[in-house]
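Worksheet: one structure, shown below.
The values are calculated or read from the model by the stated rules, or taken from the named source; none is laboratory data. Note that the structure is predicted; figures quoted are calculated from it, not measured. As a convention, Cβ positions derive from the backbone with ideal geometry for all residues, glycine included, and neighbour counts pool all protein chains shown.
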Amino acid sequence: MLSSLLPNRNRKVCPYCAEPHDFSKKAECPTTNQIIPKAFIANYDTIRPLWLHAVGFPDHGKTVYFSVLIELLENLPEVWEGFSWRYLNQHTLSTVQNNRERLLLKHEMPDKTVVTFPVPALVQLNQLRLWKPRCMVIHDTGGESYENMDIAPESAGFIRRARTSFFIVSLPDLVDSPTRSIADLFDVYEAAMEEHNAPLANRNLVVVFTKADEITNFGSNFQDLKDYIQQDDWWERIKQKRMLSLEERRQYNHKLAYISDRLYEFTLQNVNKGKGFIGKALNDELTGRPKISNLKFAIVSALGHAPNKQTKKLEYDIHPCRIQDPLLWALLLEPSPS
Ligand SMILES: Nc1nc2c(ncn2[C@@H]2O[C@H](COP(=O)(O)OP(=O)(O)O)[C@@H](O)[C@H]2O)c(=O)[nH]1
Ligand SMILES: [Mg+2]
Ligand SMILES: [Zn+2]
């Protein structure tokens, strides 16, 4: 018992169950029996894990977001000088290949009942230049629904471990079900986190408004948000193999902060119960102290257009917009310790 409390430099947080184990004798998770990739253990101190997970109501776009994000990463070397990625386990590779076939070639949407990344996907990101290399541990929190919020019990450890949560909100879906609001969503989220012993203090929340292609009216004060979505040229740049300079990438990060502030205003003014949501996220009713450390906002369209309502298939190829933004926020909010 005591030995498990003592610091042990061989103990590393397991990417498959999110608990620390000593891997010096056997690179296997005692809980899930998964073999830990050698590269994960060998580089643990220099290529730090970046735990990524998304919470949100079913159907708001979590699985599609992660699938398209990976597609973007595979194309990123066309716009980020020297960038490379590496899948650390066969499972990740198979999942990516399957997504490629379904989403990109057959234009099909992910199955609702199947969790796309039941075993976390391990994707090493190298040569980020503005940041140190990282190993993304992506966990898709689909599957069993918890009080209308997708947090399967086996996801709890990941949610506790991750310092940054992507709070996936599809405004078009909320408008279609007027009895639900973003403030309700936060209550469900907070209850789910409490249930899983994952306190909100010291946590970063990145609200990701998904399906931006379906938002037709941002209101007269927020035309710049519509422009921001439409003017993302990364996908075009990828096709044209036009690199972003380091200076352009720095400016992009500044723009990210500006857009987050604008989306904060937009949420206050134009989102049903938006003010209530921000109040809940930022203030602890009892102490008045901040609840969430950082509340940031991003807006994305993973597909670029809605699938056909009848066939549920895309009618033409995906055109992702701003899907890099939530990942950039995670990198900015959780820099690797030097
Ligand atoms: N218009 C539009 N629809 C999307 C987008 N992303 C997802 N969807 C739709 O939302 C559905 C649910 O997405 P999914 O990622 O499976 O949701 P999850 O249950 O939160 O994982 C998909 O089948 C698509 O019909 C998007 O970027 N734009
Ligand atoms: Mg899903
Ligand atoms: Zn483990």
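Numbers at a glance
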| read-out | value |
| --- | --- |
| Residue check, residue 30 surrounded by 18 or more Cβ atoms within 10 Å (Cβ to Cβ) and either in contact with a Cys (Cβ under 9 Å, 6 or more places away or on another chain) or modelled with pLDDT of 95 or more (or both) | no |
| Boolean, residue 237 is under 27 Å from residue 49 (Cα atoms), in the same structural domain as residue 65 (by TED's automatic domain parsing) and not polar (S, T, N, Q) | no |
| Cross-chain or 6+ apart pairs with Cβ under 6 Å, the range 257-276 first and in the same structural domain as residue 166 (by TED's automatic domain parsing), then of a type in the set (D, E, K, R) | 260/296; 268/275 |
| In the range 162-187, the residues that are within 15 Å of ligand 2 (Cβ to nearest atom) and either surrounded by fewer than 17 Cβ atoms within 10 Å (Cβ to Cβ) or acidic (Asp, Glu) (or both) | 173 |
| Test: residue in the range 63-83 that is over 30 Å from residue 321 (Cβ atoms), assigned to a loop (DSSP other than H, G, I, E, B), more than 16 Å from ligand 1 (Cβ to nearest atom) and modelled with pLDDT of 90 or more | no |
| Contacts under 7 angstrom Cβ, first residue in the range 46-69 being within 11 Å of ligand 2 (Cβ to nearest atom), partner part of a helix (DSSP H, G or I) and among the acidic types (Asp, Glu), 6 or more apart | 59/173; 60/173 |
| Matching residues in the range 36-62 - criterion: being aromatic (Phe, Trp, Tyr) and assigned to a strand (DSSP E or B) | 51 |
| Residue check for residue 190: in contact with a helix residue (DSSP H, G or I) (Cβ under 8 Å, 6 or more places away or on another chain) and at pLDDT 95 or above | no |
| Any pair with Cβ under 9 angstrom, 6 or more apart, that starts in the range 202-225 at a residue that is closer than 13 Å to residue 295 by Cα and part of a loop (DSSP other than H, G, I, E, B) and ends at one that is among the β-branched types (Val, Ile, Thr) and away from ligand 3 (no atom under 16 Å from the Cβ) | 202/292; 203/164; 203/292 |
| Selection from the range 285-301 of residues that are touching a residue at least 24 places away in the same chain (Cβ under 8 Å) and more than 17 Å from residue 263 (Cβ to Cβ) | 291, 293 |
| Unique residue being exposed (fewer than 15 other Cβ atoms within 10 Å of the Cβ) and closer than 24 Å to residue 172 by Cα when the list is 248, 285, 315 | 315 |
| Residue among 238, 259, 278, 299 that is within 16 Å of ligand 1 (Cβ to nearest atom) and either in contact with a helix residue (DSSP H, G or I) (Cβ under 7 Å, 6 or more places away or on another chain) or among the hydroxyl-bearing types (Ser, Thr, Tyr) (or both) | 299 |
